[in-house]
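Here's the structure we're looking at; comments come further down.
The values are calculated or read from the model by the stated rules, or taken from the named source; none is laboratory data. Everything numeric in this text was worked out from a predicted model, so none of it was measured. Glycine also receives a Cβ, built like all others from the backbone with ideal geometry; neighbour counts cover every protein chain displayed. We work out accessible area using only protein heavy atoms, side chains counted, and drop any ligands, DNA or RNA first. Shrake-Rupley method; radii C 1.70, N 1.55, O 1.52, S 1.80 Å.
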Amino acid sequence: MSSFTEPTAMELASLIVSKTCHDIISPVGAASSAMEMWTESNDESTREVAQTLMQKSSSHAVHKLAFVRIAYGAYGDVGGDVDLGEAKDAAEPYLTDDRTTFTWSLERMIVPKTVARLVLGLLALGKEAIPRGGALSIEGQDLTGAAKLAIRAEGAKVIIPNGAEDALSLRFGDGVHARNVHLYHLVKTAQAVGVRIEPDMSDDALTLRTIPA
């Protein structure tokens, strides 16, 4: 494990906010541009295109916000438990699109928020691993304890997201910043649950498993 300066709680919160804003700016900006297009144009076909773009971009922003609310936020009071079904409801519309299918095989139950955050963090990493789309799935057991999870990402192009391999071993050579804070948060969440994350890469799939720390 390399030595690096871990962010303070305030710095971590600031970095998470920075990353979330960065991710949300794109769809919100697209929706805003589409609104201008719709307002300024008298051409019906152009207005239809603008309306479609507004609907698509605003939906993407809403789905992203619902996802990060559980993945990074308090989701109500700090600490406590969350219905895993609510995590599923937040994950499905964010992770699926016309190129990506998603299979959720976790039992619906009340779990610690750290477990729900771990589930969503792993799924977000799995989605990053298939930039051209594919199939994403999750299964697991012992979800109220040291959760045993397996996330599998399959596709025509499968990658280990930039920095993930080092981050999963808590190696942050250039420190923690807005581009890798989600990986730092994921590793620290896994530690809070009592597990560590092991990646298994093949030609057409990346599997992320949690094992007792």
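When all protein chains stay in place and ligands, DNA and RNA are ignored, the 1.4 Å accessible-area order of Asp174, Asp83, Asp203, largest first, is Asp203, Asp174, Asp83.
Can you give the relative contact order of the stretch 90-155 as a percent, counting alpha carbon pairs under 8 Å and 6+ residues apart?
Across the stretch 90-155, relative contact order equals 35 percent.
For the stretch 92-145, taking Cα atoms only, Rg and Dmax work out to 11.8, 35 Å respectively. The shape of the stretch 120-204 can be summarised by an equivalent ellipsoid whose semi-axes, obtained from the alpha carbon gyration tensor, come to 20, 19, 10 Å from longest to shortest. Within the assembled protein chains, the solvent-accessible surface assigned to Glu139 is about 110 Å², based on a 1.4 Å probe.
Between the beta carbons of Arg69 and Asp203, assuming R0 = 22 Å, the FRET efficiency works out to 0.05 to the nearest 0.05.
For the chain, with every protein chain kept in place, what is the accessible area per residue (1.4 Å probe, Å²)? Show your work: numbers first, answer last.
Numbers: 11300 Å² over 213 residues.
Roughly 53 Å² per residue, with all protein chains present.
The shape of the stretch 157-212 comes out oblate: with a ≥ b ≥ c from the C-alpha gyration tensor, a/c is at least 1.5 while a/b does not beat b/c.
Against the set (i) 31; (ii) 38; (iii) 43, the structure's computed percent of Cα pairs over 26 Å apart falls on (ii). For the listed residue pairs Lys56/Lys148; Lys56/Lys188; Lys127/Lys148, the alpha carbons are over 27 angstrom apart in Lys56/Lys148; Lys56/Lys188.
Highest mobility in the GNM of the chain, judged by mean-square fluctuation with C-alpha springs under 10 Å and restricted to Glu44, Glu165, Glu128, is found for Glu44.
A simple spin-label model places pseudo-atoms 7 Å from Cα toward Cβ; at Ser33 and Ser105 they are separated by 4.1 nm. Distance distribution note for the stretch 30-147: the fraction of Cα pairs above 25 angstrom is 36%.
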